[in-house]
Amino acid sequence: MTASIFSLKLRDASFKGDPFNVASISKSVLRRKVVHEYPQRDEHYVEDLGKGVTSYDLTAFLVGDNCIEKAKKLEEVLLSPGPGTFINPWEGNINVTVLDASSITYTNDALRYCSVRIKFIDAGKLTNPASSVNSVTLARRISDAISLSAVKDFVDRFKNSEMFQLYQSAMTGTILEKLGIISNSEIVQLFGIADEIIELGANAAYLLGAGPQSFADRVYETFGLARFTTTKTRWNGVVDQITNIVSHDSFRSATNAKINEPAVVSNLITNQAAIEGLMRNTLLSQAIGAATMIGTSVDVESEDGYSEDNGQDSDSISVQIPVEDILATRDGLLDAIDAELKNPLIPDELFLNLLNARCTVFSLLTEKAEGLSRLITIDLPVNAPSLVVACDYYDDATREAEIVTRNKVMHAGFCPDELKILSK
């Protein structure tokens with residue numbers, strides 16, 4: 001019988017380069033399903049678990065005077081470890097694994113013939129869980145690293161010599177000046193740490209006399225905001241407040257003096273610069289940590305822009321932050337980090353941590369800003385209730401409180417002519 005044109009196009013079957021003949025191949029395909037049936041209900045649900053394993057069932061046969069040698073060689077190939085290329089005459093190259101080579105048959109009826117029953121399955125891929133760290137976790141790790149590097153740098157730079165008593169009052173004055181600036185910020189009242197800052201100022205001389213490590217540890221404990229992560233407030237405002245403090249000229253006066261002075265400077269200027277560096281970098285680390293709270297469930301706003309976590313949620317609501325505010329917070333924090341990176345006095349470890357922080361902060365806050373609405377200004381023809389404004393612009397009456405809070409409306413029944421609302 002003459003072979004058809006189609007049969008002439010079929011390739012010779014083989015596995016891992018070892019050829020054999022095959023008359024037919026049975027291919028099994030499936031999708032994995034789980035049927036969920038509910039008691040006392042005439043309904044069910046079919047859950048699709050994805051593509052199943054594709055299998056190939058076939059009987060390979062070998063002919064010729066050397067068929068036994070061919071069968072032994074194919075047996076060795078089938079028992080060799082690892083997947084291999086199976087040439088399917090109808091489908092071409094397929095990467096498979098031998099699931100079962102159940103039998104090799106020799107018969108007296110066909111002395112120059114033997115057969116091998118084989119079942120192949122798709123080789124698949126070995127994939128391990130990807131080890132990845134999201135930007136929030138990374139930012140918090142870097143925040144801790146910066147704090148530890150700042151403490152270490154201060155301990156290394158602070159000169160606690162026998163002359164310490166002579167300029168102790170000057171250093172205490174430097175500390176009190178910085179703490180005074182911090183005390184005037186809104187975040188001190190928000191988190192209720194005014195007493196801790198006063199205590200730090202009162203004990204500064206004692207702590208410095210006991211050693212730089214004692215003072216640095218107390219600064220870290222006082223400024224640390226990790227204990228306030230459950231506080232409901234407007235967290236981008238917290239970041240803005242901290243970056244404003246760090247950017248204050250008084251936090252760089254001694255640092256600039258040391259940079260601009262000749263190589264040999266007094267221990268007083270050296271220690272004052274070390275104190276400034278400790279406070280700046282400790283505060284920067286807290287700003288980076290606070291940035292991770294933006295957009296979370298505790299990121300809310302009250303009538304005054306902040307909300308104290310007093311156990312009552314009635315005075316604060318969740319208000320979506322506009323994209324402009326997040327980008328402004330991001331840029332302000334990046335500027336503060338850049339200013340510190342330009343400081344020639346910081347050690348390599350702190351420099352690298354700040355450099356990593358810059359990349360992480362940019363990614364973190366840019367990611368948080370994606371998809372958010374912009375803030376627009378609308379003019380009302382008449383003084384309308386906030387509920388009407390919410391329905392007219394959003395078709396959502398529940399956003400009435402957001403309009404009142406964002407614009408600090410005195411009475412929800414009478415909104416001013418000009419309002420700031422989100423674009424969507």
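The values are calculated or read from the model by the stated rules, or taken from the named source; none is laboratory data. No experiment lies behind these values; they were computed from the predicted model shown. Ideal geometry is used to build each Cβ from the backbone, glycine not excepted, and the neighbour counts take in all protein chains shown. Areas reflect the complete protein model, heavy atoms only, side chains present, ligands, DNA and RNA absent. Shrake-Rupley method; radii C 1.70, N 1.55, O 1.52, S 1.80 Å.
Specify whether the C-alpha gyration tensor of the range 6-103 places it in the rounded, prolate or oblate class, a ≥ b ≥ c being the square roots of the eigenvalues: rounded for a/c under 1.5, otherwise prolate if a/b is larger than b/c and oblate if not. Don't skip to the answer; put the middle values down first.
Values: a/c = 3.23, a/b = 2.48, b/c = 1.30.
The shape class here is prolate.
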Which value, in Å² rounded to 10, gives the accessible area of His411 with a 1.4 Å probe and all protein chains present? 110 Å²
Once the piece of chain linking Ile259 and Ala110 is laid out straight, how much longer is it, given 0.36 nm per residue of separation minus the C-alpha distance between them? 44.0 nm
Under the 7 Å Cα-to-Cβ spin-label approximation, Asn95 and Arg141 lie apart by a distance in nanometres of 3.0 nm
Describe numerically, in nm with one decimal, the distance between label points set 7 Å from Cα along Cα→Cβ at Asp331 and at Ser214. 4.6 nm
Under a cut-off of 30 Å between alpha-carbon atoms, report the lysines in cross-link reach of Lys72, not counting same-chain residues fewer than 8 places apart. Lys9, Lys16, Lys27, Lys119, Lys125
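Tell me whether the range 186-230 comes out rounded, prolate or oblate; compute the Cα gyration tensor, take square roots of the eigenvalues as a ≥ b ≥ c, and use a/c under 1.5 as the rounded threshold. Write down the numbers at each step before the final one.
Details: a/c = 4.25, a/b = 1.82, b/c = 2.33.
Oblate is the answer for the range 186-230, as a/c is 1.5 or above yet b/c matches or exceeds a/b.
If I take every Cα pair under 8 Å that is 6 or more residues apart in the range 28-132, average their sequence separation and divide by the length, what percent do I get for the relative contact order? Numbers along the way, then the final one.
On the way: 160 pairs, mean separation 27.9, N = 105.
27 percent.
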Computed from the beta carbon distance with a Förster radius of 25 Å, FRET efficiency for Lys119 and Glu47 to the nearest 0.05 stands at 0.35
Rounded to 0.05, the calculated FRET efficiency for the beta carbons of Asp156 and Ser297 at R₀ = 30 Å is 0.15
Under a cut-off of 12 Å between alpha-carbon atoms, report the aspartates and glutamates in cross-link reach of Lys258, not counting same-chain residues fewer than 8 places apart. Glu276
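Once fully extended, how much extra length lies between Phe351 and Val63, figured as 0.36 nm per residue of separation less the alpha-carbon to alpha-carbon distance? Provide the component values of the computation, followed by the final result.
Details: separation 288, 0.36 × 288 = 103.68 nm, distance 7.41 nm.
Net length gain for the segment: 96.3 nm.
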Förster-model FRET efficiency, 51 Å R0, Val388 and Ser185, C-beta, rounded to 0.05: 0.85
Label-to-label distance, nm, for residues given as Glu76 and Glu196 (7 Å Cα→Cβ offset): 7.4 nm
